[in-house]
Amino acid sequence: MPPLNADRAVLIAAREVLLRDPRATMAAVAEEAGMGVAGLYRRYANKQALLRAVAADNYRRYIAFAEAALSDTDDPWHAFTGFLRQVLDDGLPRLTLALRGEVDLDQDLRDLDRLAVDTTNRLLRGARGSGILRPDVTRADIAVILEQIDRIDVGDDVRSAALRRRYLALVCDGLRADAASRRLPGPPPHEAELIGRWAGEISSVS
C-alpha cells in the first residue's frame, strides 16, 4: 500500500481524535498525525477550517458509498444493505454526531449536504421501485436508524463493530417490503425535526 500523503494523514488523524473528543485541540490532532502544530496550521488556518475539511471528507465518503450502491443493479437489496453496512463500518454517523454544533457550515458543505440528500433519496426510490424496500420507509428513518446503531460501543472496537452489523441485519429484516404488512406505529421523523436537532448544522449524513 502506498504511503499516505500528509493531507490524507491529517484527515484520518483528525477523524480519530474528533470521534474521541469533538472539542480536541489542534495540538491533539497534530500529535495523532505525527506532525508539529505549526505544520498543521500551515495546512489549516484554524480549527474551523480543519473541521470543515473533515466534514467535507465525511460527506464525500458517504456520497461515494451511495453512488456505488446506485451503480449496482444486479442485486438491489444487496446493494442497499451493503451501503448501510459501509456507512456504519466507516463510522460516518458517529463522526457526524461528533461534529454536531462544532462546524460552521460554508457553501461547500451546504452543497455537499444537498448532494448527500439527493443521492440517498435516489437510492431509496430505486429500492422501493424494485419492490424490495417497504414503501413507508423514508430518508429520515434511515438517518435515525444508522445513528442509533452506530452508537453501540462495548469498549472493544472489534466486538462493537460485530454488534453493529448484528443489529443492522435485524433492522434490515424490518425494512424489507415483505414486512410491510405490519404497519409502523406513528409517522417517520419530519425533516424539520432532524434539522432542528442540529440547530442549523450538518443534517443528512447520519
So, ARG125, is that one closer than 18 Å to GLU67 by Cα, over 16 Å from the mean Cα position of the chain (by Cα) and modelled with pLDDT of 90 or more or not?
yes
Please indicate, with yes or no, whether at least one residue in the range 123-142 is open to solvent by less than 10 Å² (accessible area, probe 1.4 Å) and in contact (Cβ under 8 Å) with a residue 60 or more places away in the chain.
no
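Would you check if ASP118 is under 28 Å from ALA169 (Cα atoms) and open to solvent by 20 Å² or more (accessible area, probe 1.4 Å)?
So ASP118 fits the description; yes.
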Does the range 143-165 contain any residue that is small (Gly, Ala, Ser), at negative phi, open to solvent by 30 Å² or more (accessible area, probe 1.4 Å) and not in a loop (DSSP other than H, G, I, E, B)?
yes
Expected single match for closer than 28 Å to ALA14 by Cα, surrounded by 17 or more Cβ atoms within 10 Å (Cβ to Cβ) and touching an Asp or Glu at 6+ places or on another chain (Cβ under 6 Å) among LEU88, LEU92, LEU99 is LEU88
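For residues that are of a type in the set (Lys, Arg) and not in a loop (DSSP other than H, G, I, E, B), scanning just the range 85-105, find the one that is farthest from PRO22 (Cα to Cα). Reasoning before the result, please.
Filtering the range 85-105 down to residues of a type in the set (Lys, Arg) leaves 85, 94, 100.
Cutting the leftovers down to not in a loop (DSSP other than H, G, I, E, B) gives us 85, 94.
Details: ARG85: 24, ARG94: 11 Å.
Here the residue is ARG85.
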Count - residues of the range 82-106 that are of a type in the set (Lys, Arg) and at positive phi:
0
Could you give every pair whose Cβ atoms fall below 7 Å, whose first residue belongs to the range 34-50 and is within 22 Å of GLU102 (Cα to Cα), and whose second residue is not in a helix (DSSP H, G or I), counting only separations of at least 6 or pairs across chains?
GLN48/ASP104; LEU50/TYR44
Of all residues in the range 31-84 being part of a helix (DSSP H, G or I) and acidic (Asp, Glu), which is farthest from LEU168 (Cα to Cα)?
GLU31
In this structure, does ARG61 turn out to be open to solvent by 50 Å² or more (accessible area, probe 1.4 Å), in contact with a Lys or Arg (Cβ under 8 Å, 6 or more places away or on another chain) and within 22 Å of GLU16 (Cβ to Cβ)?
no
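The values are calculated or read from the model by the stated rules, or taken from the named source; none is laboratory data. Just so you know, these numbers come straight off a predicted model, no measurement behind them. Positions of Cβ are generated from backbone atoms using ideal geometry, with glycine treated the same way; all protein chains shown enter the neighbour counts. Ligands, DNA and RNA are excluded from the accessible area calculation, which covers all protein heavy atoms including side chains. Shrake-Rupley method; radii C 1.70, N 1.55, O 1.52, S 1.80 Å.
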